[in-house]
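A short worksheet on the structure shown next.
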Amino acid sequence: MALEKHSGSEAGRTQAAAEPGMTQKRRWLVFGSNVVVAVLLATVLAVGIVWLSETLLRGRWRSDWTSSGRFSLSPRTRAMLGDLKQDVTITNLYAYSPEIPESVEQQRRVRDLLSEYAAVNPSRITVEAVNPAVDAGGTEQLVERLRKRYAKELEKPKALIDEFDKLGKDVQDFLRSDAKRLEAAAAAWKGGPPEGPSALRQVAQAMLQLDLVGQFTTASIEDLVNQPLPAYPTAVRNARDYLKKVGDTLGAVPEFYEKVPAFKGAAPDEVKAVLASAKQTYEPLRKRLSDFDKKAADIKELELDNVRREISQGQAILIEAPEKVKVVAYDDVWVRNPQADERRPEEPEQLFAGESAVSSTLLSLVSPERPAILFVTAGAPATMPSMGGPFGGGGGGGAYARMAERLRKSNFIVEDWDVTRSPEMPKPEHMTKAILVFVPPAPPNPQMPVPPPTPEMYKAAIDVVKGGAPAVLLAEPATMFGPGTPYSDLFADFGVTARLNAVGVHTQVVDAQGTERAVPQIEITQYADHAITRTLNGLPAMFLTPCPLMISKQLPEGVTAEALVFLPAGADYWADTAPFEAMRGDAARSEADDIIPTRDNPVPLAVACTRKLKEGEQKVVLFGDSQWAEDRVAFYQVMGRELFPGNAELLVNTILWVAGTEHLISVSPEALQARRIGDPGAWTLPLQMLLMAGIPAAVLVAGLVVYAVRRR
């Protein structure tokens, strides 16, 4: 059969050769052109499929080919923008000039970033650009828009400035007239004690000095109110200060006269008239000055004043929402690079933090709710910034200071509640709800021994949680180094037992000789499938001395509990029931005494709980470790790269979940700067080039090979 088929094929070729005009060259052209067309179509189809898959998987039609994703918005920002219910205008006010290449690059970075915002939600976000250095028309339109926006707020201070125009002129006329009157009285007093005329001339000189100050004040007020964005509150404040000084001086003059001995003796009639009428002369004007002062006291600084002041500093981004306007300052967008120093000349002095700055500002404008996160402590501060700033060096800061700043960027109010100082829960201004984060007491200081905190100290905070407040409970094992967790009984209300007598450990090589020791450090890269952790897989997180949290098989009524993080299963992991040995790195695995994680019996380290209330539900997250969220762990860096970006993400996601804003849970801009486990990093661009061009090129080569074979 094979022979017959082969013969038929040969016959077909012979017949084709015999057909009129079908030369060998023509056959090559016919079949070759078919192959070329097929290859081209396959190439176009391959390119289209790869491109569509890339854009659709990313959820957008724009593509970022940089390895760092510098032109991509984080999922968290995209979620926030997609949830916008208000129209927002963002104006790029970065001035630039070709003569200053750095200004051109900075303006371009900001422009590209803002274009991404507009692309995500074009129906809600309008992006504009005004170069204040050369765009006079655009600047004028922006100024006019802001003047109209704040016209109502400016009515009252403007009316006071109009009143000052008349009052100021009257004051200056009065001061000049009174100075002349006093000079005339002093000149008429001849032959008397010299201190008399001298005192009169001294008061006259004070009046003329006030007149001169009034001229400067009037000129400065005119400058303030005639600038493109008038500073009426500042003008009112200047007018008030000046008029108060005049009123105080007029009130002091009669008292001054009484202290001059020469005025108690004989004096010319002109002098007696001045002395006798001092109070009556000044009182009507002082009454007008007092009335103005009372009205001016009600004038507070307006939002426009902050906007104008920050815009005037240059290189800013203006964000306008229906209710408020805010400015993203240059220093918020271009932050200092902590890695830049003389030893690393290749490091840029500034890092671009535009997305983080713009998104946090935008969120604060459009989000009506501002929950307050209260770190419940017992003596030691938790969120107080270090005196050395965000990068340390000054000491005295709380263990969660940088973490608090990260939470504030997500539109949360963050404060401490020291239960040893006040049993009453703080109520920050603008707080809509309170979220309590329980922090275990710090280890005792041997040099300053004090009794350890007791559960009774935490009673007020515990009662708030029992009453239904959302909370995050951080536990710590009980060892000789610290008092453990005084509020551990609260875990049981959610069907969870905190095993404070056990510490998770991991066997690892600790020296060059291959020595293995069990250390209480658990690195996590895989998480349970939960709204809090779904975006974290691949982001490394580190837990130090974590306690197992055992979920009861019979949960309290109305309570649900889901594990978020597990102690990894395997021969190298277990929870040692001898905490002191575990802390020293001397733990030894005991199948009989220790808690051994397996696939069938996992050991949770973090648990998310819900509890039904009469109205709504309560959300609480429990952790068997408190150190994982501290700055020294969450922001630990080696060679400028954070090793455990999952820690900060986990806490922020946890807070978003308990606050009821889980729709905002996604990867943050900060986390996108960290490489995930399995992230190709610098290989991103070559891999994308392989997908976009390599595969189609391979198809083309394959087609040419087929053509060459058939041509033989």
Theoretical FRET efficiency, 1/(1+(r/R0)^6), r = Cβ-Cβ of Leu84 and Glu195, R0 51 Å, to 0.05:
0.10
Give the distance, in whole Å, between the Cα centre of region 158-207 and the Cα centre of region 233-249.
18 Å
In terms of the Cα gyration tensor, with a ≥ b ≥ c the square roots of its eigenvalues, is region 555-641 rounded because a/c is under 1.5, prolate because a/b exceeds b/c, or oblate?
oblate
Taking all protein chains together and a probe of 1.4 Å, list Glu105, Glu283 from the most accessible to the least accessible.
Glu283, Glu105
From the backbone phi of region 111-123, what are the Karplus-calculated ³J(HN,Hα) couplings (6.51 cos²θ - 1.76 cosθ + 1.60, θ = phi - 60°) in whole Hz, Gly and Pro given as x?
4, 5, 5, 5, 5, 5, 4, 5, 5, 5, 9, x, 6
Estimated distance in nm for a label pair at Asp269 and Phe580, the labels positioned 7 Å out from Cα along Cα-to-Cβ
10.5 nm
Using the Karplus curve 6.51 cos²θ - 1.76 cosθ + 1.60 with θ = phi - 60°, what ³J(HN,Hα) values do you get for each residue of region 461-474, in whole Hz, with x for Gly and Pro?
5, 4, 5, 5, 5, 4, x, x, 6, x, 7, 10, 10, 9
Residues with amide H under 5 Å from that of Gln350, placed H, sequence gap 5 or more:
Asn337
Modelled FRET efficiency - R0 22 Å, Glu369 with Ala531, Cβ distances, 0.05 increments:
0.75
Vicinal HN-Hα couplings computed from phi for region 272-285 (Karplus, 6.51 cos²θ - 1.76 cosθ + 1.60; Hz; Gly/Pro x):
4, 5, 5, 5, 6, 9, 4, 5, 5, 5, 8, 4, x, 5
May I ask you to list the GluC sites (Glu not before Pro) in region 591-625 that are in a DSSP loop and have at most 10 other Cβ atoms within 10 Å of their Cβ?
Glu591, Glu615
Can you list the residues, at least 5 places off or on another chain, whose amide H is less than 5 Å from the amide H of Val376, using H built in the peptide plane?
Trp417, Val437, Phe438, Val439
Once amide H atoms are placed 1.01 Å from N in the peptide plane, what residues at a sequence separation of 5 or more from Met384, or on another chain, have their amide H within under 5 Å of its amide H?
Gly398
Report the full-extension gain for the segment Glu301 to Gln313: residue separation times 0.36 nm, less the Cα-Cα distance, to one decimal in nm.
2.5 nm
Rounded to the nearest 0.05, what FRET efficiency do Ala252 and Arg108 have when you use their Cβ-Cβ distance and R0 = 45 Å?
0.15
For region 436-560, accessible area per residue (1.4 Å probe, heavy atoms of protein chains only), Å²:
46 Å²
Solvent-accessible area per residue for region 142-248 at a 1.4 Å probe radius, Å²?
51 Å²
Per the 1.4 Å probe, what fraction of the accessible area of region 154-307, in percent, lies on carbon and sulfur atoms?
53 percent
Consider a paramagnetic label point 7 Å from the Cα of Lys244 along Cα→Cβ; state which residues of region 158-191 have an amide N under 20 Å from it.
158-165, 167-169, 171-172
Please work out how much length the chain gains when fully extended from Thr560 to Asp293, using 0.36 nm per residue of separation minus the C-alpha to C-alpha distance, in nm with one decimal.
90.0 nm
Using 24 Å as the Cα-Cα cut-off, could you pick out the over-long pairs in Lys180/Lys272; Lys295/Lys433; Lys158/Lys294; Lys427/Lys619?
Lys295/Lys433
Spin-label point model (7 Å from Cα, Cβ direction): what's the Glu516 to Lys279 distance in nm?
9.8 nm
Can you tell me how much longer the chain between Ser422 and Lys324 gets when fully stretched, taken as 0.36 nm per residue apart minus their C-alpha distance, in nm with one decimal?
31.8 nm
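The values are calculated or read from the model by the stated rules, or taken from the named source; none is laboratory data. What you see is a predicted model, and the numbers here were worked out from it, not measured in a lab. Please note: Cβ atoms are built from the backbone with ideal geometry, for glycine as well, and neighbour counts cover all protein chains shown. Accessible surface is based on the protein model in full, side chains and every heavy atom, while ligands, DNA and RNA are left aside. Shrake-Rupley method; radii C 1.70, N 1.55, O 1.52, S 1.80 Å.
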